[in-house]
């Protein structure tokens with residue numbers, strides 16, 4: 001695929017088609033990886049995006065309870081001293 005380099009103010013840039021943006025799930029940012037003979041454009045992942053909303057909803061639904069006890073019956077903390 002060939003793209004034209006276009007003027008953007010004092011800089012230059014490329015335009016990605018809607019098809020490419022959708023196919024690779026490119027939203028607001030990309031990561032650019034510079035190699036010796038080529039450049040890689042990679043969608044910037046935001047794996048924790050919207051976690052705050054999800055945690056709030058979990059709390060409202062009472063789904064934020066511990067699944068296992070945080071202290072076991074046979075734990076001995078003396079050995080850590």
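Throughout, read-outs are computed from the coordinates displayed, never taken from laboratory work. Keep in mind that this is a model prediction, so the values were computed, not measured. For neighbour counting, all protein chains shown are included, and Cβ atoms are generated from backbone atoms with ideal geometry for every residue, glycine included.
Test of understanding: in a Gaussian network model of the chain with alpha carbons linked when under 10 Å, which of 30, 40, 14 would top the mean-square fluctuation ranking? Evaluated over the chain, the most mobile residue of the options is 14. Here, P(r) means the percent of Cα pairs in each 10 Å bin from 0 to the largest distance; for the stretch 13-81 it is 14, 23, 18, 19, 15, 9, 1.
Rounded to the nearest 0.05, what FRET efficiency do residue 28 and residue 55 give with R0 = 25 Å and r taken as the Cβ-Cβ distance? Could you check?
After rounding to 0.05, the efficiency reads 0.65.
Summed over qualifying helices (DSSP H, 4 residues or more, each -39500 (n - 2.57)) and divided by its residue number, the chain shows a 222 nm mean residue ellipticity of -6000 deg cm²/dmol. Largest GNM mean-square fluctuation across 67, 34, 21, computed for the chain with C-alpha springs under 10 Å, falls on 67. Taking Cα atoms only, the orientation of helix 51-61 departs from the longest principal axis of the chain by about 40 degrees.
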